[in-house]
Each structure stands twice: as C-alpha cells, then as structure tokens.
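Report on one structure; see the data block that follows.
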Amino acid sequence: MTTFKFALSCGDRGKCLELLDSILNAKGVRASLIRAEVKGDKIVITVFGNRVEALQTRYAILRAYREWRRLNAWMERGKYVKLNDLIKIIGKPFPTDALVEVLRILGSDAHVKGGVLYTNAPNDVVINIAKELAASLEQLIKVKPKASYSAKCLITSLAMLQNKSVQEIMEELRSEGFVEEEGHRLLVTSEWRSLLRKLAGEGRGLAWR
C-alpha cells in the first residue's frame, strides 16, 4: 500500500469546495482512492492504493488542479485566454476559427493573435460554445475524417447555431450544393465565413445560449 499526502491552495472555503468538485469529476481521478479535507484556504488530500494506482491518481489530481487554476485565472482576468489553455479546459480540440466566427455572429468582438483568443464575450459563454463545437467536431470526424478545415468550421458552427446534428447540417449543405465530396474529402464550394453568415441569419436576433 502506497500513500501520498499533499495540500492544494485554493483561496477560501468556497473556492476549495469548487476545486474539490472539479478534482472528483476529473478524468483519471479515482475518488475511491482519495480522502480529502478542506482546511481554511487549502485542501489536504491523501491518496491510498498500490503504487501504480496511487501515482496515477496523484498525477490526475495535480493535472485537474493545474487546469482549475488556469480557468480561475482566466475568469478573474477576463478578456483573453491562451487557446492551448482553453483546449485543456474543454478537454477536446475544436476549430478555433469557428469559435471566433460564432462569437462574432452572436454579437461579440473576437479575434485570435499569437495563439491567444481576445473577446468581450462572457467566459462561461466562450466555454459553452467551445464545448459544443468540440462535440460537433468529434461527430463530424467519425463520419467524414478527411473533411477540409473549412468544412469542419462551417458544419460545426451551423450545428451549434441552429441546434442541429452534424448529419442534418451536412445533408442540408449537400442538397444546396454548398459542400461537395471529392474522393474521401468533403469540401466547401465557397468562402466558408461568408456562407456561414448567410446561412446563420446574422442579425436575426440569435441570443446567448
């Protein structure tokens, strides 16, 4: 039996409880191997198990802690976030350009420079949109793994904005001639950003979700 005991700083009791919830629900964390106690501005964690289990769980906890700190730093700072950090927060990749265009269509300023997203959109909105784009991208890759980047951006954006499945969006785009298949490739027949704005109905009162 191997035991690791360590403390994680979290600011105050409310933040510590939030951190503990994030840790217990994080990928790779085996809650049955953990004993945790909030003490003031820290969480004291003890990990039990055989050496391999304990090491894996400790690593997963520390990874969850780093991601929680990144998220909190962004929430406090606002306005900008490194895309690599946002991907780690989401846990999956998403089309960066699609995120920027969706934010703009929904009425926010947004642009990317030097691997950093700058936007005046609320942080929780950015996270929710990125999560939906990531989920749609995952679905798209299963059926069309060699879709072009433009097709990925267009399809995932429309799926999110119109609250439809990737399959529904692809069928609609095919029927209108907006996408075409070239061998195993799925290609957009015109500039995807302009097409997205046309199909999304920019200015028709799309609201934050």
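Just so you know, all these numbers are worked out from the coordinates, no wet-lab data involved. All figures in this text were calculated on a predicted structure; none of them were measured in a lab. Cβ placement follows ideal geometry from the backbone for every residue including glycine, while neighbour counts extend to all protein chains displayed.
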#### Entry: Arg185-Lys142 FRET efficiency (beta carbon distance; Förster radius 22 Å; 0.05 resolution)
0.85
### Message
List the residue ranges in the chain for DSSP H helices whose C-alpha atoms run 27 angstrom or more along the long axis and whose Kyte-Doolittle average is 0.5 or above.
### Response
123-143
### Query
What spacing in nm lies between the two simple spin-label points modelled at Ser194 and Glu172, each 7 Å away from Cα in the Cβ direction?
2.1
### Message
From Cα pairs below 8 angstrom and at least 6 apart in sequence, can you work out the relative contact order of the stretch 2-77, rounded to a whole percent?
### Response
38
### Query
In deg cm²/dmol, rounded to 500, what helix-only [θ] at 222 nm does the chain give when every DSSP H run of at least 4 residues adds -39500 (n - 2.57) and the total is split over its residues?
-17000 deg cm²/dmol
### Task
Hey, for a label at Lys88 modelled as a point 7 Å past Cα toward Cβ, could you say which residues of the stretch 29-71 have their backbone N under 16 Å away?
59-71
### Message
Among Thr189, Val38, Leu173, which residue has its Cα furthest toward the positive end of the charge dipole of the chain, with +1 on Lys/Arg Cβ and -1 on Asp/Glu Cβ?
### Response
Val38
### Task
Return a whole-number percent for the relative contact order of the chain, with Cα pairs under 8 Å and 6 or more residues apart as the contact set.
14
### Task
Give the percent of DSSP beta bridges with both residues in the chain that are antiparallel, rounded to the nearest 5.
95
### Query
Could you give the distance between the Cα centres of the stretch 41-55 and the stretch 155-173, to the whole Å?
44
### Query
Quick one: net charge of Leu173's neighbours, Cβ under 15 Å, K/R +1, D/E -1?
0
### Distance in nm between pseudo-label sites at Ser9 and Asn128 (7 Å out along the Cβ direction from Cα)
3.3
### Task
Could you give the size of the charge dipole of the chain about its Cα centre, using +1 on the Cβ of each K and R and -1 on the Cβ of each D and E, expressed in debye and rounded to the nearest 20?
920
### Query
What length, rounded to one decimal in nm, is gained on full extension from Val52 through to Gln162, with 0.36 nm per residue of separation minus their alpha-carbon distance?
35.0 nm
### Task
Give Lys15/Lys164; Lys39/Lys82; Lys15/Lys152; Lys113/Lys152 a once-over and call out the pairs whose C-alpha atoms are over 27 Å from each other.
Lys15/Lys164; Lys39/Lys82; Lys15/Lys152
